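Since every read-out is calculated from the coordinates, none of them should be taken as a lab result. These figures come from a predicted structure and were not determined experimentally. Don't worry about glycine lacking a Cβ; one is built from the backbone with ideal geometry, like all the others, and counts go over all protein chains shown.
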Amino acid sequence: MGYIASIFLEKLRHLLPPVSAARHGALLGNVGNANAEAKSAFVTDIAFFALLEHIAEDAAAGRSIAVALGASMRGDDYGAFGFAFKSATNLLNSFQRVERYGRVVTNLGNYTVERGNGSAFMRVRKGESERLGEHMVTELAVAAGTAISREVCRTPFVPISVHFSHEAPPDSAGHEAHFRCPLIFGSDRDGFEVSEADLYAGNRLGDAAISGFLDSHLEHKLAEFPESRQTIEPVVRAEIERSLSDGVPTLQTIARHLGMSPRTLQRRMADEGVVFRDLAERTRFDLAERLLRETDYALAEVAFLTGYAEQSTFSRAFKRWNGCTPAAWRKSSPSADV
């Protein structure tokens with residue numbers, strides 16, 4: 001299973017325009033409270049892919065959010081791993097540490113260093129999925145790699161070129177603004193090329209003794225590294241809610257949206273004691289209550305958004321859930337504004 005440190009989602013929460021943060025609050029909220037333990041918590045690749053894909057459809061945030069997130073990352077955000085990157089004597093040693101210890105932060109979009117004649121290519125190891133979220137994580141990884149290289153390198157850092165194996169997004173202005181070098185989409189690899197001059201220029205805070213101490217610490221951390229703790233239920237719930245206006249989705253449909261097989265999704269839900277049919281019903285009920293409480297949508301619109309073709313069918317189901325009609329519940333709800 002893929003995982004990523006929840007610090008990326010905490011940074012994302014602060015990056016999003018307020019309207020987008022509110023719109024995607026349900027998925028962001030699944031990360032957990034922003035507390036002192038957040039940097040040691042993880043979210044699954046599926047949850048992260050789904051969140052990025054939702055935001056990519058949001059006009060207020062857009063497809064370039066992954067690059068913006070990567071560009072915002074700094075060495076200190078990564079804890080001991082970030083300090084190891086900064087204290088390495090040069091960029092080559094920094095990325096050799098990413099290659100060795102990247103798993104303490106994520107197993108998505110980690111790097112391998114490929115030496116060449118007069119340069120090196122920092123290749124991102126990407127997964128097998130071709131879903132948009134996977135492409136966006138690759139862009140995030142390359143943007144973060146270039147951002148912290150600029151932070152630590154003694155000389156002004158600009159890659160020779162940046163490569164992505166996927167096709168260019170409709171608007172790549174955000175990519176161009178951050179990378180400031182030739183962008184090659186549809187390439188045979190993912191990552192960025194670094195000149196030998198930058199590779200050996202030296203890091204501002206390079207210190208071989210500190211770097212060695214941090215290496216020892218990270219070796220111990222790798223040995224005891226925990227598995228991701230994020231559960232599948234909130235991710236499936238969010239996908240169900242997203243799909244309801246087209247009718248109640250099947251497990252097969254949700255599995256396809258999440259980039260996994262129906263059998264894998266069923267097994268993971270069973271591991272958590274979750275039944276898809278029950279979860280779909282609870283999701284419809286919770287969404288109905290939220291729409292009735294927080295919006296002034298007509299009952300026919302609420303019915304449509306919760307997957308009902310007829311208002312009368314929705315009203316009967318709501319009464320079965322709650323013991324009263326939607327109109328009566330809305331009128332008596334303490335939070336109702338209508």
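Per residue of the chain, what 222 nm ellipticity follows from adding -39500 (n - 2.57) for every DSSP H run with n ≥ 4, rounded to the nearest 500?
It lands at -15500 deg cm²/dmol.
Please work out the Cα convex hull volume for region 141-259 and give it in Å³ per residue.
Given the Cα convex hull of region 141-259, per-residue volume reads 184 Å³.
Would you mind calculating the relative contact order of the chain from Cα pairs under 8 angstrom and at least 6 residues apart, reporting the percent as a whole number?
16 percent
Take a quick pass over the chain and tell me how many lysine pairs come in under 26 angstrom between Cα atoms, counting only ones 8 or more apart or on separate chains.
Lysine pairs satisfying the spacing and distance rule in the chain number 11.
Report the charge-dipole magnitude of the chain in Debye, nearest 20, computed about the Cα centre from +1 at each Lys and Arg Cβ and -1 at each Asp and Glu Cβ.
520 debye
So if each residue of separation counts as 0.36 nm, and I subtract the Cα-Cα distance between Glu57 and Arg256, what length gain in nm does that give?
That pair, Glu57 and Arg256, stretches by 69.9 nm at full extension.
Roughly speaking, what % of Cα-Cα pairs in region 197-304 are separated by over 25 Å, rounded to a whole number?
Looking at region 197-304, the distances longer than 25 Å represent 51 percent of pairs.
If we sort 232-238, 48-54, 278-284, 207-213 on the protection proxy, mean other Cβ atoms within 10 Å, highest first, what's the order?
48-54, 232-238, 278-284, 207-213
Say R0 is 35 Å: what FRET efficiency, to the nearest 0.05, do Thr155 and His220 get from their beta-carbon distance?
Efficiency, rounded to the nearest 0.05: 0.55.
Report, to two decimal places, the Cα Rg of the chain normalised by 2.2 N^0.38 Å (N = number of residues).
For the chain, the normalised Cα radius of gyration comes out at 1.14.
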